[in-house]
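Take a look at the structure set out below.
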Amino acid sequence: MNATEVRQIVLDIIEDVALDEDVSNLNDEVALREQLDLDSMDFLDIVMELKKRHKVEVPQEDYPRLATMSSCVEYLTPKFQ
Amino acid sequence: MTSQTWTTQPDSYRIVITGIGLTAPNGNNLSEFRKNLLEGVSGLDWMEVRHMGRLAAGNCDFDEKKYQSRKMRKRGTRAGAIGIYCAHEALLDSGRTIEEEERDDVGIYVGITEHGNVETENEIHELYQNDLNTEFWSHHHNPRTVANAPAGEISLNLGVTGPAYTVGAACAAGNLGLIHGAQMIRAGEVKWAIAGGISESTHTFGIFAAFNAQGALGSDEDPAKATKPLDKERNGIAVSEGGCLYILETLESAKQRGAKIYGEIAGYHVNSDATDFVLPNNERQVQCMNKAMKKAGLEAKNIDVVSMHATGTSLGDIQEAKAVREVFDHSDNTLINATKGFIGHCMGAAGALELAGNIPSFEDSMVHGCKNIFDLDPECEMKGLVTKGHVNKDVKIILNNSFGMLGINSALIIAKYEN
């Protein structure tokens, strides 16, 4: 799976978690929390959905790697191989 | 003349109702609910219940998104959504808003029969879909199932920073929420309160299954007739959801604001049977009603309306009828009604909703009757029982009964406010 496909997977999950928000114009280099109304429970939802939908585990110490879209893609792409 | 005690108290001690927000299976606000009670409109219908199939139940159709974002609704519970809707409706009705400088001084007291069954059942259902792998168990489970969840969701939504918690009192909880709210205002803990009761019980199959196992789940070919309180052929309750929250404040603050006053808390009493987990005890029910009247300085003949708990179970209705006869049989003034034939048993919301359905009688001078009494059980006969339709009467005092499992009884007396 390439980086573009992983980005789409992450975007689909964020869209389902941040239900009331428009995620179509995200800046990949800016922290997700600065662009969307996401709190700690939302990040746990994102981690849970990665596990449920794609069997991808994100250990707690790696949560900071999910800060921006590009850091998500960089961190998760190897896990989707 | 009565020797009513509440009117002798200072305005700063007298507690009045200045707003009502509700959702019932047959109405999403007080005027709709009242109209349907007067016109005999049922709120019961078929519902698919997990593991059990089609059963009669009472569900509400208010707009969950009216006061809550989609994300917060998904994160929270149905009980929280009901509570948030009712709280906003009550605030709008009262003309009150949550001001920054006073949000510490507002209390939220929500009566509940139970909480957490719905979410726990959902998680266990998911667990079985996931081969019993607990790694998929949701981190939302704990915040959704803590006993204060519905009140906490309301405080988060409104930004209220005063005390917000639930009052667990089985099916007496609606009355208990109101009573507790009044007590906290009088104790000086809060300046005003959002108080009442809510229920999400139709979303847990366990409650249906348990009433069924107890032989107390009502049924009929017509879902609207599934529960028939006081009728000879009654065979149990209809499980329902709902909510009713009131704005409570002192008479002093209501006067200062020029608020509309629906009624005043004239007296109440809460006691326990200490005899059985589920079977009622009419001796304690009699004591509860009598003590509530004594606290208010009233006698049976002063009570214009008794709103019964009457759930439609075989034994429960007989016991309560016996208790009501003992207290009110010598009163020529008192009319008696019961609401669950219309809306089923709204559990934690029942007491608060059934009271709300009667409060408009202070203004419209009508007493709504019961529903689904086709052949009155001779053991449930009571002088003054309005079996159907409605009766015209000048109403000044309502006594609202609400009882619950583990032997908790409550009687709440509301008086018309007259300047």
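The values are calculated or read from the model by the stated rules, or taken from the named source; none is laboratory data. Computed from a prediction, not measured in an experiment: that's the story for all the values here. All Cβ positions, even for glycine, are placed from backbone atoms using ideal geometry, and neighbour counts span all protein chains on display. Accessible surface areas use protein heavy atoms only, side chains included; no ligands, DNA or RNA. Shrake-Rupley method; radii C 1.70, N 1.55, O 1.52, S 1.80 Å.
Over all Cα atoms in segment B:186-292, the spread is summed up by Rg and Dmax: 19.2, 53 Å.
Each of B:A415, B:G344, B:N401 was scored by the projection of its Cα onto the charge dipole of segment B:266-415, and the greatest displacement toward the positive side belongs to B:A415; charges sit on the C-beta of Lys, Arg, Asp and Glu. Using a ≥ b ≥ c from the Cα gyration tensor of chain B (square roots of the eigenvalues), is it rounded, prolate or oblate, where a/c under 1.5 gives rounded and otherwise the larger of a/b and b/c decides, a/b for prolate? Since a/c reaches 1.5 but b/c is at least a/b, the shape of chain B is classed as oblate. Using equal-weight Cα scatterers in the Debye expression, the normalised intensity of segment A:3-80 in log10 at q = 0.12, 0.16 Å⁻¹ is -0.27, -0.50. May I ask for the percentage of alpha-carbon pairs in segment B:15-256 that lie more than 32 Å from each other? That fraction is 23 percent.
Label separation (B:A213 vs B:S272): 2.4 nm, computed from points 7 Å beyond Cα along the C-beta direction.
Normalised per residue, the accessible area of segment B:158-237 is 32 Å², obtained with a 1.4 Å probe and no contribution from ligands, DNA or RNA. Remark on segment A:5-36: accessible area falls by at least 50 square angstrom from chain-alone to full-complex state for A:L19, A:D20, probe 1.4 angstrom.
Each residue, A:Q8 and B:N392, gets one label point 7 Å from its Cα in the Cβ direction; the gap between the two is 7.2 nm.
Each Lys and Arg Cβ is given +1 and each Asp and Glu Cβ -1; about its Cα centre, the protein assembly as shown then shows a dipole of about 1380 debye. Its relative contact order, with pairs defined as Cα atoms under 8 Å and 6+ residues apart, puts chain B at 24 percent. When you restrict to C-alpha pairs under 8 Å that are six or more residues apart and normalise by the size of chain A, the relative contact order lands at 43 percent. The string of couplings for segment B:395-412 from the Karplus curve (6.51, -1.76, 1.60, θ = phi - 60°) is 10, 10, 9, 10, 10, 10, 8, 8, 10, x, 4, 6, x, 9, 10, 9, 10, 10 Hz, one whole number per residue in order, with x for Gly and Pro.
Across B:W192, B:W46, B:W137, mean-square fluctuation computed from a Gaussian network of chain B (C-alpha pairs under 10 Å connected) peaks at B:W137. Please report, as a whole percent, how much of the solvent-accessible surface of chain A comes from carbon and sulfur atoms (probe radius 1.4 Å). Carbon and sulfur: 47 percent of the exposed surface of chain A. Spatially, segment A:67-81 and segment A:37-53 are offset by 14 Å when compared through their Cα centroids. The distance linking segment B:229-302 with segment B:87-130 is 22 Å (Cα centroid to Cα centroid, whole angstrom).
For segment B:187-260, run through the trypsin sites (Lys or Arg not before Pro) and keep only the ones in DSSP coil with at most 14 other Cβ atoms within 10 Å of their Cβ.
On the way: sites: B:K191, B:K225, B:K232, B:R234, B:K255, B:R257, B:K260; in loops: B:K191, B:K232, B:R234, B:K260.
Answer in residue order: B:K232, B:K260.
Simple spin-label estimate for B:D375 and B:K66 gives 4.1 nm between the two label positions (7 Å along the Cα-to-Cβ direction from each Cα).
Return the FRET efficiency for the residue pair B:K294, B:S314: r is the Cβ-Cβ distance, R0 is 35 Å, and the value is rounded to the nearest 0.05. Mind showing how you got there, number by number?
Working: r = 31 Å, r/R0 = 0.89.
E(calc), rounded to 0.05, equals 0.65.
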